[in-house]
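The values are calculated or read from the model by the stated rules, or taken from the named source; none is laboratory data. Everything numeric in this text was worked out from a predicted model, so none of it was measured. All Cβ positions, even for glycine, are placed from backbone atoms using ideal geometry, and neighbour counts span all protein chains on display. All accessible areas refer to the heavy atoms of the entire protein, side chains included, with ligands and DNA or RNA removed. Shrake-Rupley method; radii C 1.70, N 1.55, O 1.52, S 1.80 Å.
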Amino acid sequence: MRASDAERERIAELLREAVAEGRLEMDEFEQRLETAYTARTHGELEPLVRDLPAPGTAVAPVGSSAPAPLRGSAANWPARIGSTATSKGGFALWGGFNRKGRWTVSRKFTAFAMWGGGEIDLREADFEDREVVIRCIAIMGGIHVTAPPELNVDVRGVGIMGGFGEGPNEDGETVPEAPRVRITGLALMGGVGVERKRTKAERRRLKEAEEAERAVRERQRLDGPDQGPGGGGRKELG
């Protein structure tokens, strides 16, 4: 059966997700992407993603135990919910605290900073529960929360002679299976900021994927219209 432009683009999107999650090396991604854009039938498209799971899932190899879930916003969210909390709060007085990397957020996490600062990074964290409340209190100090774009985050704090709210956010859509995090509290002559952004590793993989895709499209443009999706200049053998 003939493949449509929309079907070719859907396969290309699956390949982009796979390289962003680290499942495909860049050279393999580029080869598959070029094949996808020049494919004319479903039979040519299907093998390109046959060995890839759905985006955001982790699959165990045959005969092995389940691997640790992928980290970052490309992670398998259900596998990151239900762990025992490793931290229930952070405290900074004339100093600082940070929670980042591999850690498990308790269902109720309290952060306090006075004449100091705190950093809470949720991009590689696990979560004790699907519903999490992070209470931030900053008095003449600051607390910064970083979340992946796909995480469901609700910011409801109050700022008095200070600020409590969201800062610059990277593009990305929340996903239903991700935890729901409510960030509340008070900033008094201080600040609590919430930022959504990907890890450096994810941004690097996505940038490399975009560059590879541009290179594939440029090669197709130079090859001529008969090599692109739906090209009619190529003769078929009877």
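Would you tally the residues in region 156-191 being open to solvent by 40 Å² or more (accessible area, probe 1.4 Å) and either in contact (Cβ under 8 Å) with a residue 40 or more places away in the chain or of a type in the set (Val, Ile, Thr) (or both)? The number of residues fulfilling the criteria is 10.
Val105 meets the stated requirement of being closer than 29 Å to Val19 by Cβ and part of a strand (DSSP E or B). Residue-level check: of (1) part of a strand (DSSP E or B); (2) crowded, with 16+ Cβ neighbours inside 10 Å, Lys88 misses just (2). Specify the residue that is farthest from Leu222 (Cα to Cα); the eligible residues are those in region 13-31 that are of a type outside the set (Val, Ile, Thr) and crowded, with 21+ Cβ neighbours inside 10 Å. Applying the filter and picking the extreme gives Glu21. Where residues in region 220-238 are assigned to a helix (DSSP H, G or I) and surrounded by 14 or more Cβ atoms within 10 Å (Cβ to Cβ), which of them is modelled with the lowest pLDDT? The qualifying residue modelled with the lowest pLDDT is Gln227. So which residues in region 146-170 are within 16 Å of the chain's Cα centre (by Cα), closer than 19 Å to Ile81 by Cα and outside any loop (DSSP other than H, G, I, E, B), if there are any at all? The answer is Thr146, Ala147, Asn152, Val153. Within region 92-117, can you find the residues that are over 16 Å from Val181 (Cβ atoms) and either in contact (Cβ under 8 Å) with a residue 24 or more places away in the chain or under 19 Å from the mean Cα position of the chain (by Cα) (or both)? Listed by number, the residues that qualify are Ala92, Gly101, Arg102, Phe112, Ala113, Met114, Trp115, Gly116, Gly117.
In the set Ile134, Ile139, only one residue is closer than 15 Å to Phe97 by Cβ, touching a strand residue (DSSP E or B) at 6+ places or on another chain (Cβ under 6 Å) and open to solvent by less than 10 Å² (accessible area, probe 1.4 Å); that residue is Ile134. Listed conditions (1) open to solvent by 20 Å² or more (accessible area, probe 1.4 Å); (2) assigned to a strand (DSSP E or B) are all met by Glu124, apart from (2).
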